[in-house]
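Worksheet for the structure shown next.
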Amino acid sequence: MKLRPVVLVLLILAGFYYVSTRFLPSGALAGLVHRGDPAGATTATSTGPLGNFSLTEASAAPAFDAEEQQNIAVYKKALPSVVNITSTAMAYDFFYRPVPQQGQGSGFILDKEGHILTNNHVIDNAQLVEVTLADKKKYKATVVGVDRNHDLALLQIKDAANLTPAVLAESTNLVVGQRVYAIGNPFGFSGTMTRGIISAIRSVAMPSGNKIEDAIQTDASVNPGNSGGPLLNSRGEVIGITTLIASNPNGGADQSAGIGFAIPIETAKAVIADFQKYGRARRPSLDIVTLPIGPDIAEQIGLPADYGILIERVLPGGAAERAGLRGGTQQAYMGNTPVMLGGDLIVAADGQEITTPQDLSNAMNSHHAGDTIVLMVFRGRQRMTVKVTLSDAKQVIGGQA
């Protein structure tokens with residue numbers, strides 16, 4: 001009686017093996033039970049000194065799926081617009097002899113006249129700047145203008161035929177989770193594309209101390225050499241300029257840690273417009289040091305609104321001081337950070353509510369130096385309107401990123 005269950009199991013297994021090998025050689029179980037060649041593949045056997053070798057080879061390349069087709073389309077569209085930039089600066093050795101040092105970065109073509117956008121730190125202090133196009137032709141470049149505050153530089157090459165300008169999109173309505181692509185020259189490997197998503201939109205401090213407002217954070221792999229290259233949307237249009245990476249502290253050298261940042265293209269468009277109109281960057285400035293306000297801080301210090309930008313300090317002789325705006329007079333601490341309280345609270349600009357530094361940055365980007373902006377502020381409990389004539393943002397020396 002004890003043998004019956006064993007016999008029953010053996011009969012079931014034998015029946016399953018018979019059915020699957022006889023009737024399902026190419027079905028869902030074929031990969032498990034069929035020992036022949038995979039569908040669409042051939043096996044070639046050869047004999048040599050080490051014995052017999054059997055290699056299974058695909059008979060034809062598979063068709064690209066939809067995602068692969070999109071990746072390829074983005075690359076083909078954007079690559080002709082992307083350039084490699086080599087900058088040569090003079091350093092001095094121990095014996096004070098001049099020694100040329102080269103740096104590499106990326107950029108992209110703006111128009112048929114050979115204007116190219118890149119990061120300022122890619123060409124900063126360079127005596128010679130050369131641009132290599134996607135077709136490997138090399139040209140000497142002239143630095144047309146720089147904006148150190150935003151780490152941007154405009155170059156131009158001459159007598160280059162058949163240039164392909166990049167298509168510039170908008171960066172005002174980007175969404176976290178949106179797919180993005182970076183093309184550039186990481187570690188000197190030209191024409192490299194990586195893919196990721198927008199991880200966040202945030203304000204980021206550069207090594208120089210300047211801030212990138214509305215910086216595009218991405219997990220697309222970027223490394224030294226990507227600086228100045230385009231960050232693209234899924235249509236191959238430029239939404240940002242790759243500029244900064246968060247280095248891996250355990251990597252030994254600057255390398256991708258899965259966090260990169262790009263300057264939004266709207267900022268670049270405003271800078272380019274200044275170059276076109278004035279021949280130099282004239283970014284507007286209120287000449288203030290500010291502190292973002294949220295409900296918790298507003299309640300703690302007794303502000304009349306639970307949002308806005310608190311003016312900690314107005315720069316002497318700047319736009320805010322000339323308009324009569326006031327900075328803080330009372331020192332306090334937020335954690336270990338000293339702040340100045342008691343200054344004017346900006347809650348709106350040109351009729352648009354200001355709740356974050358990004359809101360104020362967006363309002364400023366719609367103006368030029370010399371324009372007038374109308375601010376709504378609280379001074380104590382008094383609500384008031386102040387007209388401010390914007391000044392030029394001070395040009396400070398940028399640092400490597």
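Read-outs throughout are calculated quantities, based only on the coordinates presented, and are distinct from any laboratory measurement. Here the structure is a predicted model, which is why all the values come from computation and not from measurement. Cβ coordinates were reconstructed from backbone atoms using ideal geometry, including for glycine residues, and neighbour counts include every protein chain displayed.
Relative to the Cα centre, the charge distribution of the chain, modelled as +1 at Lys and Arg Cβ and -1 at Asp and Glu Cβ, gives a dipole magnitude of about 540 debye. Mind jotting down the distance between the C-alpha centroids of region 317-383 and region 106-137, whole Å? Between the Cα centres of region 106-137 and region 317-383 lies a distance of 37 Å.
Of all the stretches in the chain, which is the longest one without any exposed loop site, taking chymotrypsin sites (Phe, Trp or Tyr not before Pro) in a DSSP loop (any state but H, G, I, E, B) with at most 14 other Cβ atoms within 10 Å? Intermediate values should be presented prior to the final figure.
Working: sites that count: PHE64, PHE94, PHE95, TYR96, PHE189.
It works out to 190-401.
Give, rounded to the nearest 20 debye, the magnitude of the charge dipole that region 284-392 has about its Cα centre when Lys and Arg contribute +1 at Cβ and Asp and Glu contribute -1 at Cβ. Please list the in-between numbers first.
Numbers: 7 positive and 12 negative charges, 76 e Å.
Once rounded to the nearest 20, the dipole reads 360 debye.
Under a 10 Å cutoff between Cα atoms, tell me which one of ALA61, ALA141, ALA220 has the largest fluctuation in the Gaussian network model of the chain. For the chain, modelled as a Gaussian network with Cα springs under 10 Å, the answer is ALA61.
In sequence order, region 120-135 has phi-based couplings of 5, 5, 5, 10, 4, 6, 7, 8, 9, 10, 10, 10, 10, 7, 4, 8 Hz under the Karplus curve 6.51 cos²θ - 1.76 cosθ + 1.60, θ = phi - 60°, and Gly or Pro positions carry x.
Matching the structure-derived Rg/Rh (Cα atoms, Kirkwood Rh) against the labelled list (i) 1.18; (ii) 0.97; (iii) 1.32 gives the label (i).
Taking the Cβ of ASN84 as the center, what net charge do the other residues with Cβ under 10 Å away carry, scoring Lys and Arg +1 and Asp and Glu -1?
+1
Taking the Cα centre of region 179-278 as origin, work out the dipole magnitude from +1 charges on Lys and Arg Cβ and -1 charges on Asp and Glu Cβ, in debye rounded to 20. Before the final figure, lay out each step's value.
Working: 7 positive and 7 negative charges, 29 e Å.
That gives region 179-278 a dipole magnitude of about 140 debye.
When SER87, SER234 are arranged by Cβ crowding within 10 Å, least crowded first, meaning fewest neighbours, the order is SER234, SER87.
Summary: within the chain, the longest segment free of GluC sites (Glu not before Pro) located in DSSP loops with at most 16 other C-beta atoms within 10 Å is 171-401.
Seen from PRO338, the other residues with C-beta closer than 14 Å to its C-beta sum to a net charge of 0, counting Lys and Arg as +1 and Asp and Glu as -1. Distances between placed amide hydrogens fall under 5 Å for PHE108 paired with VAL83, LEU117, all partners being 5 or more residues away or on another chain. Per residue, the chain reaches -5500 deg cm²/dmol at 222 nm when only DSSP H runs of four or more residues are counted, each adding -39500 (n - 2.57). In percent, rounded to a whole number, the relative contact order of the chain is 11, using alpha-carbon pairs under 8 Å and six or more apart.
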